[in-house]
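All of the numbers you see were taken from the coordinates with simple rules; none came from a lab. Here the structure is a predicted model, which means the values were calculated and not measured. So basically every Cβ, Gly included, is an ideal-geometry build from the backbone, and we count neighbours across all protein chains shown.
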Amino acid sequence: MTEGLKFSEVEIGDDLPEEVPDVSLSSVTAFCKAASHIFDRFLDHEAAQKEGFPGAIVPGIMSQGLLAAMIHKWAPGSSIRSIDTVFRGSLLVDSQITMTGAVTDTDDESNLVELDLAIIAEDGRTGVIGTAVVQLLE
Amino acid sequence: MKRRSLYLSFTFADIRMILDLHTHSVKSDDGRAKVENYCKWIQKKELPLDGFVLTEHRQFDDQSDYRPLEDAYGLTIMKASEVETDYGHVLVFGVNDDLLNAFDFTNVRLPIEMVLEESSKAGAFAAPCHPGRKRVGLFAHYEEKGPIQGVHTVETLNGGSIPGEDELSSNMAETLGYRGFGGSDSHVVSRIGYCATNFPNQRIDDIGQLVGALKAGDFSAISMKEQISS
């Protein structure tokens, strides 16, 4: 039997534990190599600045992956049915970013929950918002 | 029947009507909040909101009927618009057919003075939002091009502001003699109510009454971000 967060243990308004993921240059570089997502703006601060960014930026697909990891850490054994993100601003490599989430709806017939997701940049800007639909254990 | 939270009625004992004047739903291209989920969230979190205004980007939603949700949750749900001008973004309350025919809501470079004037002529109320924000805020454009006529009210508290933006908005508004209101600018459910507007000793049940209250000027911006997010 799989252990994890059960649907009955969740209600609207619950917060997911905040996460501060590692977006150091080495971590982002490792992700980009693993994902074959090789662009200078993610891997090199100077190259990113030449493109008009303040420094190297965290790839969108990595942001989405980090949010998915946060969900699974909160609810082991759950299944993410969909995840939808809106990129509102750059998240800088080698900065401190904070991920948040909250339960905004529940469906007791399907054990599905809807989540709000966000990633806050070090300066307080919201870099990413999103939602996810997650199936929890019975 | 309007609901009032116990813990916040203690905190804001004399408040009569609190409205979040700046929210977005899935009708906006970057909005991810379902309107019913806003209602569920307000109820579950016992937020001291009596209602909210949906200010969808570059459009006016004249199709959606939220009266069943108003009845089910005891909230006032109104519709307005956030348009884009050469001086940043502007909220327009009281959108009607005259105004919809006056300019193209999808135009991202509307002349702000035209928007203010046409809104006034149509009996609506237009006010710049997040004026302290770079690029899309009124005061950034004031720095470059100088002030314009016709502005009387701005959003001095915005739930999406970064540190410094609301302070700039409030200081500039005070210097220029503008009134200030608040809105969360929420695009996801959990951010509704971060900032709002308190209308003391007033009852506002529809957009006409809201426009009247905004024109009368007896309101203030409030922030509940710390209480809600903690």
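Just give me the residues in region B:91-113 being in a helix (DSSP H, G or I) and farther than 13 Å from B:VAL151 by Cβ, in sequence order.
B:ASP97, B:ASP98, B:LEU99, B:LEU100, B:ASN101, B:ALA102, listed by residue number.
Listed residues A:ASP123, A:ASP105; which is among the charged types (D, E, K, R) and either within 22 Å of B:ASN158 (Cβ to Cβ) or more than 12 Å from every other protein chain (Cβ to nearest Cβ) (or both)?
A:ASP123
Identify the single condition in (1) under 30 Å from A:GLU122 (Cβ atoms); (2) outside any helix (DSSP H, G or I); (3) out of contact with any helix residue (DSSP H, G or I) (no Cβ under 7 Å at 6 or more places or on another chain) that B:ASN198 does not satisfy, given that it satisfies every other one.
Status for B:ASN198: all satisfied but (1).
Return the residue satisfying two criteria in turn: it lies in region A:90-102 and is among the β-branched types (Val, Ile, Thr) and within 12 Å of chain B (Cβ to nearest Cβ), and of such residues it is surrounded by the most Cβ atoms within 10 Å (Cβ to Cβ).
Top of the filtered list is A:THR100.
Within the bounds of region B:190-211, is there any residue that is among the hydroxyl-bearing types (Ser, Thr, Tyr) and surrounded by fewer than 23 Cβ atoms within 10 Å (Cβ to Cβ)?
no
Any residue at all in region A:92-114 that is without any contact (Cβ under 8 Å) to a residue 24 or more places away in the chain and assigned to a strand (DSSP E or B)?
Yes: one or more hits.
Kindly indicate whether B:ILE222 is part of a strand (DSSP E or B) and either in contact (Cβ under 8 Å) with a residue 12 or more places away in the chain or out of contact with any Asp or Glu (no Cβ under 6 Å at 6 or more places or on another chain) (or both).
yes
So, of the residues in region B:138-167 that are within 14 Å of another protein chain (Cβ to nearest Cβ) and either assigned to a loop (DSSP other than H, G, I, E, B) or out of contact with any strand residue (DSSP E or B) (no Cβ under 8 Å at 6 or more places or on another chain) (or both), which turns out to be surrounded by the fewest Cβ atoms within 10 Å (Cβ to Cβ)?
Across region B:138-167, the extreme among qualifying residues is B:PRO163.
For the subset of region B:24-38 comprising residues that are under 17 Å from the mean Cα position of the chain (by Cα) and not in a loop (DSSP other than H, G, I, E, B), which member is farthest from the other protein chains (Cβ to nearest Cβ)?
Filtering region B:24-38 for residues that are under 17 Å from the mean Cα position of the chain (by Cα) and not in a loop (DSSP other than H, G, I, E, B), the one farthest from the other protein chains (Cβ to nearest Cβ) comes out as B:VAL35.
Of the residues that make up region A:66-80, is at least one in contact with a Leu (Cβ under 6 Å, 6 or more places away or on another chain) and closer than 15 Å to A:THR126 by Cα?
Yes, because at least one residue in region A:66-80 is in contact with a Leu (Cβ under 6 Å, 6 or more places away or on another chain) and closer than 15 Å to A:THR126 by Cα.
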